[in-house]
Amino acid sequence: ANFSKALNRFSKEDPTFRVKRDEETAQTIISGMGELHLDIYVERIKREYGCEVVTGKPQVAFRETIGKKAEFSYTHKKQTGGRGQFARVMGYLEPLPADAVEQFEFVDDVTGGSIPREFIPACEKGFKEAIQEGSLIGFPVVGVRVVINDGSSHAVDSSEQAFKTASLMAFREGFEKAKPTVLEPIMKVEVTAPEEFQGSVMGQLNQRRGMIIASENAEGYLTAQAEVPLNEMFGYSTDLRSATQGKGEFTMEFMKYAPLPKNEQETLIAEYKEARAKGNK
């Protein structure tokens, strides 16, 4: 309660101090004029409201996708006393074209009634649930087409729930084989600074895995445009100010998702597995 009170009071008192909750990562994000500005507020929350605050850089909203086509064939069978569960789904996953409007496509290619019509919506539900959380680092899966083309059912033991579960597990099986990768958000960053700082501005962008797309000099000022991963942009405003004697400024907006470099991907996957092993996502 004290924590909420503090955040409410500070955001009312200071319009440059903003608080929002990121639904996807379940984190409370504070933003302001710079890191020192935020440090002071964090100190005040501890001192005036007696709340211990843990801070770190915000969690970036990654995505997962696949790199190639892969087949799946999954049978869900459970036999308990009385009625059991049975469902079998077969088909394949494939990457959607880069210009696809939707991020997920479900195609029903089942012929000859191998999966009864009334269970097809349950299959789609299972796949839609599966893409909410990829198995690499637990983020949503995008850019995938799922095609089911065969399967089998049982007159007594098949149910919507059985087909939903079979589809969920079939997706995971196919996903493992489809060259899964992690995607990171890439921002379009535009920096302006006096041209005498050109070297350090360009150097900083390169250090942050930035790809410089264009730069021009006019009236003693440099304007540079670059594509930089969001994960590398935390703390940039402070670095830019100190490299340009406070005269540099930048804007950024979301541009696209792109594959994460292999070494960083492996680190994230290892961290995710470790967190799962400890029992918290």
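The values are calculated or read from the model by the stated rules, or taken from the named source; none is laboratory data. It should be emphasised that the depicted structure is a prediction, and the values quoted were computed from it without experimental measurement. In this analysis, Cβ positions are derived from the backbone assuming ideal geometry, glycine residues included, and neighbour counts consider all displayed protein chains. The accessibility values were calculated without ligands, DNA or RNA, using every heavy atom of the protein model including side chains. Shrake-Rupley method; radii C 1.70, N 1.55, O 1.52, S 1.80 Å.
A few points about this structure:
- Local electrostatic count at E266 - Lys and Arg +1, Asp and Glu -1, tallied over other residues with Cβ under 15 Å: -2
- Pairs from the table (K12/K57; K69/K262; K20/K125; K68/K256; K77/K125; K57/K128) lying more than 28 angstrom apart at Cα are K20/K125; K57/K128.
- For the stretch 146-192, the equivalent ellipsoid derived from the alpha-carbon gyration tensor has semi-axes of 40, 12, 9 Å in decreasing order.
- Trypsin sites (Lys or Arg not before Pro) within the stretch 48-122, DSSP loop, no more than 16 other Cβ atoms inside 10 Å: K68, K69, R83
- Per residue, in Å², the accessible surface of the chain once ligands and nucleic acids are set aside, probe 1.4 Å: 57
- Dipole of the stretch 142-281, positive direction: furthest Cα of V142, P194, P259, with charges on the beta-carbon: V142
- Across the protein chains, with a 1.4 Å probe defining accessible surface, the residues I213, I137 rank I213, I137 from largest area downward.
- For the stretch 135-228, the Stokes-Einstein estimate of translational diffusion at 20 °C and a viscosity of 1.002 mPa s comes to 119 µm²/s, using the Kirkwood hydrodynamic radius over alpha-carbon pairs.
- For the stretch 25-76, the Kirkwood radius over C-alpha pairs fed into Stokes-Einstein at 20 °C and 1.002 mPa s yields D = 141 µm² per second.
- Taking N as the residue count of the stretch 1-112, its C-alpha radius of gyration divided by 2.2 N^0.38 Å amounts to 1.88.
- A Gaussian network model of the chain, with springs between Cα atoms under 10 Å, assigns the largest mean-square fluctuation among A162, A100, A61 to A100.
- Estimated from helical segments only, the mean residue ellipticity of the chain at 222 nm is -10000 deg cm²/dmol, where each DSSP H run of four or more residues counts as -39500 (n - 2.57).
- Percent carbon-and-sulfur accessible area, the stretch 179-281, ignoring ligands, DNA and RNA, probe 1.4 Å: 50
- Here the peptides 171-179, 140-148 are ranked by packing, the mean other Cβ count within 10 Å, and the order with the highest first is 140-148, 171-179.
- Based on the convex hull around the alpha carbon atoms, the stretch 227-268 presents an average projected area of 3.8 nm².
- Summing charges over neighbours of I213, with a neighbour being any other residue whose Cβ is under 12 Å away from its Cβ, gives -2 when K and R count +1 and D and E count -1.
- Listed options for volume of the Cα convex hull per residue in Å³ are (1) 263; (2) 119; (3) 182. The value calculated from this structure is the one marked (3).
- Distant-in-sequence amide contacts of G34, defined by a placed amide H-H separation under 5 Å and a gap of 5 or more residues or a different chain, comprise nothing.
- Here the Karplus relation 6.51 cos²θ - 1.76 cosθ + 1.60, evaluated at θ = phi - 60°, turns the backbone of the stretch 23-33 into coupling constants of 4, 5, 9, 6, 10, 8, 10, 10, 9, x, 7 Hz, with x for every Gly and Pro.
- Mean-position separation - Cα centroids, the stretch 256-277 and the stretch 213-239, in angstrom: 26
- Dimensionless Rg over Rh [the stretch 104-163; C-alpha; Kirkwood]: 1.02
- Near the amide H of V60, within less than 5 Å, lie no amide hydrogens of residues on another chain or at least 5 residues away, with H placed in the peptide plane.
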